[in-house]
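Q: For reference, the structure I am asking about is given below.
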Amino acid sequence: MREWPLWEVFVRSRRGLSHVHVGSLHAPDAEMALRNARDLYTRRQEGVSLWVVPAAEIVASTPDQGAAFFDPADDKVYRHPTFYDVPEGVEHL
Amino acid sequence: MASVYGNDFGARAETSSDEPQSFLDLLAGEGRVEPRDEMPDAYRRTLVRQIAQHAHSEIIGMQPEGNWISRAPSLRRKAILMAKVQDEAGHGLYLYAAAETLGVDRADLLDQLHDGRQKYSSIFNYPTLTWADVGAIGWLVDGAAIVNQVPLCRCSYGPYARAMVRVCKEESFHQRQGFEILHTLSHGTPAQRAMAQDAVDRYWWPSLMMFGPPDDDSPNSAQSMAWGIKRFSNDDLRQRFVDMTVPQAEALGLTLPDPEIRWNEERGHYDFGEVDFTELFEVIKGHGPCNAQRMSHRVRAHEDGAWAREAASAYAQKQAQKQAEKQLVRTEGAA
Ligand SMILES: [Fe+2]
Ligand SMILES: [Fe+2]
């Protein structure tokens, strides 16, 4: 068990929705990871589809680069519809 | 160091002097700390210990009830009890996964449980002598656990809080099935009724102890509250539990073994007698009725499972090797 890799588990709760991260588990291989994920995270019909992803394969942004990494979006309020003035009486815009 | 569900208490309080500004800002804004954020070492250590001990409590907690699976009085009760015990295993796993986000290894945490360096809730060191005990555990022990765990859904550490949301959703059936068992017994034959009363008599005080020592004797609480791990004091949670439970006992037609329980109009709460915390500390020290039995059973189960873990590893290795060979044949064929 000590050397079993960590898998991140994603569940699609019903058709039409995306898979959402629910937690993680250890398993020796992908097949066991899927079975364990079923037993651990869908005991009450929480899902219609499961993904398991080796945690080591996930590439993540780091929190300390966070502010700088996301700040290109900070000064672009014009990307939101509320930025624009709409004359009185104009509808469906 | 000892712990109850979602609680951390002991002689040595962890404090920290050097807290990163980003961490303080998060706490001040009621934000959540996530695994890769900067956090004080003492905060990390406290969380690892608390979450691990919480996880250990869940899996050790399978034993007293597991004891009755093969003797459940009907197929319905047996199916329910199996589902409940399986849930507790799941709670343990959610929590070990949450602890691992802090950079520790589940296998190491289990080693620490097995060699006694880490504790589990002392409530599971009491025996389940009759079927009614299964009812009392569901109603009182899971009930107390719920009161402790609900505020942890808002804990400052994201993965712990999220694990608690899952756990709390599952707990409510645990409490109801226990209540139902006791309700059935207390409305049954005189012998069944007596069995239900006896179980409540034995489990009432230990359940109150699950909230930990009184506030003035709870050195870690202030720091835990400052860090947003703990939201309410031990005594507040204990009072909440008593207020919830007294009317339920009336509905069961059973008495709680405390002559001092009475409604206090002025406080708007039930008064209750003093908890004997010397018993709690004795059980924590290892002198409870079942400490040795729980640990030896746990260690044996772990050792007996070694072959299954080894077989799974060997199978995975073999499959990976086969896959690699196939890959090799394909690349050579293409060349
Ligand atoms: Fe639980
Ligand atoms: Fe439970």
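Q: Out of all the residues in the stretch B:52-62, is one or more within 14 Å of chain A (Cβ to nearest Cβ), of a type in the set (A, V, I, L, M), part of a helix (DSSP H, G or I) and touching a residue at least 60 places away in the same chain (Cβ under 8 Å)?
A: So in the stretch B:52-62, the residues within 14 Å of chain A (Cβ to nearest Cβ) come out as B:55, B:58-59.
Now drop any that are not of a type in the set (A, V, I, L, M), which leaves B:55, B:59.
With the extra rule that they be part of a helix (DSSP H, G or I), the set shrinks to B:55, B:59.
Remaining after also requiring touching a residue at least 60 places away in the same chain (Cβ under 8 Å): B:59.
Among the residues of the stretch B:52-62, at least one is within 14 Å of chain A (Cβ to nearest Cβ), of a type in the set (A, V, I, L, M), part of a helix (DSSP H, G or I) and touching a residue at least 60 places away in the same chain (Cβ under 8 Å), which makes the answer yes.
Q: Within the stretch B:204-219, identify whether any single residue is more than 27 Å from residue B:43 (Cα to Cα), surrounded by fewer than 18 Cβ atoms within 10 Å (Cβ to Cβ) and within 16 Å of ligand 2 (Cβ to nearest atom), and answer yes or no.
A: no
Q: I'd like the full set of residues that are within 14 Å of ligand 1 (Cβ to nearest atom), in a loop (DSSP other than H, G, I, E, B) and under 30 Å from residue B:251 (Cβ atoms), limited to the stretch B:106-161.
A: B:121
Q: Sticking with this one: Can you tell me which residue within the stretch B:57-89, out of those that are more than 15 Å from ligand 1 (Cβ to nearest atom) and basic (Lys, Arg), is least open to solvent (accessible area, probe 1.4 Å)?
A: Step by step, filter the stretch B:57-89, then rank; the result is B:77.
Q: Scan the stretch B:129-150 for residues that are away from ligand 2 (no atom under 15 Å from the Cβ) and either closer than 13 Å to residue B:177 by Cβ or open to solvent by less than 10 Å² (accessible area, probe 1.4 Å) (or both) and jot them down.
A: Step one: of the stretch B:129-150, the residues away from ligand 2 (no atom under 15 Å from the Cβ) are B:129-132.
Residues satisfying the conditions are B:131, B:132.
Q: Are any residues in the stretch B:64-79 touching a residue at least 24 places away in the same chain (Cβ under 8 Å), away from ligand 2 (no atom under 12 Å from the Cβ) and either in a helix (DSSP H, G or I) or in contact with a Leu (Cβ under 7 Å, 6 or more places away or on another chain) (or both), and if so, which ones? First the steps, then the outcome.
A: So the first thing to find is which residues in the stretch B:64-79 are touching a residue at least 24 places away in the same chain (Cβ under 8 Å), and the list is B:64-65, B:67-68, B:71-73, B:77.
Retained after the next criterion (residues that are away from ligand 2 (no atom under 12 Å from the Cβ)): B:67-68, B:71-73, B:77.
Result: B:68, B:71, B:72, B:77.
Residue by residue, here is whether (1) at pLDDT 95 or above; (2) closer than 30 Å to residue A:32 by Cα; (3) not hydroxyl-bearing (Ser, Thr, Tyr) holds:
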residue: B:223; (1), (2), (3): no, no, yes
residue: B:230; (1), (2), (3): no, no, yes
residue: B:250; (1), (2), (3): yes, no, yes
residue: B:261; (1), (2), (3): yes, no, yes
residue: B:281; (1), (2), (3): no, no, yes
residue: B:288; (1), (2), (3): no, no, yes
residue: B:299; (1), (2), (3): yes, yes, yes
residue: B:323; (1), (2), (3): no, yes, yes
residue: B:329; (1), (2), (3): no, yes, yes
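Q: Which of the residues belonging to the stretch A:10-55 are more than 9 Å from chain B (Cβ to nearest Cβ), part of a strand (DSSP E or B) and closer than 23 Å to residue B:315 by Cβ?
A: Once the filter is applied, which keeps residues that are more than 9 Å from chain B (Cβ to nearest Cβ), part of a strand (DSSP E or B) and closer than 23 Å to residue B:315 by Cβ, the stretch A:10-55 yields A:50, A:51, A:52, A:53, A:54.
Q: Answer yes or no as to whether residue A:6 is among the aliphatic types (A, V, I, L, M) and modelled with pLDDT of 95 or more.
A: Numbers: among the aliphatic types (A, V, I, L, M): yes; modelled with pLDDT of 95 or more: yes.
The answer is yes for residue A:6.
Q: In the stretch B:294-335, how many are touching a residue at least 60 places away in the same chain (Cβ under 8 Å) and open to solvent by 70 Å² or more (accessible area, probe 1.4 Å)? Quick ask: steps written out before the conclusion?
A: To start, the set of residues in the stretch B:294-335 that are touching a residue at least 60 places away in the same chain (Cβ under 8 Å) comprises B:294-295, B:297-299, B:302.
From the residues that got through so far, the ones that are open to solvent by 70 Å² or more (accessible area, probe 1.4 Å) too are B:297.
The total comes to 1.
Q: Oh, and also: Out of (1) in contact (Cβ under 8 Å) with a residue 60 or more places away in the chain; (2) in a helix (DSSP H, G or I); (3) away from ligand 1 (no atom under 16 Å from the Cβ); (4) farther than 23 Å from residue B:122 by Cα, the odd one out for residue B:228 is which?
A: Evaluating residue B:228 over (1) in contact (Cβ under 8 Å) with a residue 60 or more places away in the chain; (2) in a helix (DSSP H, G or I); (3) away from ligand 1 (no atom under 16 Å from the Cβ); (4) farther than 23 Å from residue B:122 by Cα leaves (2) as the failure.
Q: Any chance the stretch B:174-193 includes a residue that's in a helix (DSSP H, G or I) and within 14 Å of chain A (Cβ to nearest Cβ)?
A: First, the residues of the stretch B:174-193 that are in a helix (DSSP H, G or I): B:174-186, B:190-193.
From what's left, within 14 Å of chain A (Cβ to nearest Cβ): B:174.
Looking through the stretch B:174-193, at least one residue is in a helix (DSSP H, G or I) and within 14 Å of chain A (Cβ to nearest Cβ).
Q: Let me ask something else about it. Just to be sure before I move on: is residue B:195 away from ligand 2 (no atom under 16 Å from the Cβ) and either buried (at least 17 other Cβ atoms within 10 Å of the Cβ) or closer than 23 Å to residue B:44 by Cα (or both) in the structure I sent? Explain how you work it out, then say what you get.
A: Working: away from ligand 2 (no atom under 16 Å from the Cβ): yes; either buried (at least 17 other Cβ atoms within 10 Å of the Cβ) or closer than 23 Å to residue B:44 by Cα (or both): yes.
Answer is yes for this residue.
Q: If you don't mind, another one. Can you spot a residue in the stretch B:261-281 that is under 19 Å from the mean Cα position of the chain (by Cα), aliphatic (A, V, I, L, M), more than 14 Å from chain A (Cβ to nearest Cβ) and surrounded by 11 or more Cβ atoms within 10 Å (Cβ to Cβ)?
A: Taking the stretch B:261-281 as the starting set, the residues that turn out to be under 19 Å from the mean Cα position of the chain (by Cα) are B:280-281.
From what's left, aliphatic (A, V, I, L, M): B:280.
Now restrict to residues that are more than 14 Å from chain A (Cβ to nearest Cβ): B:280.
Among the residues that remain, those that are also surrounded by 11 or more Cβ atoms within 10 Å (Cβ to Cβ) are: B:280.
Checking the stretch B:261-281: at least one residue is under 19 Å from the mean Cα position of the chain (by Cα), aliphatic (A, V, I, L, M), more than 14 Å from chain A (Cβ to nearest Cβ) and surrounded by 11 or more Cβ atoms within 10 Å (Cβ to Cβ).
The values are calculated or read from the model by the stated rules, or taken from the named source; none is laboratory data. Computed from a predicted structure; not experimentally measured. Backbone-built Cβ (ideal geometry, glycine too); neighbour counts: all protein chains shown. The accessibility values were calculated without ligands, DNA or RNA, using every heavy atom of the protein model including side chains. Shrake-Rupley method; radii C 1.70, N 1.55, O 1.52, S 1.80 Å.
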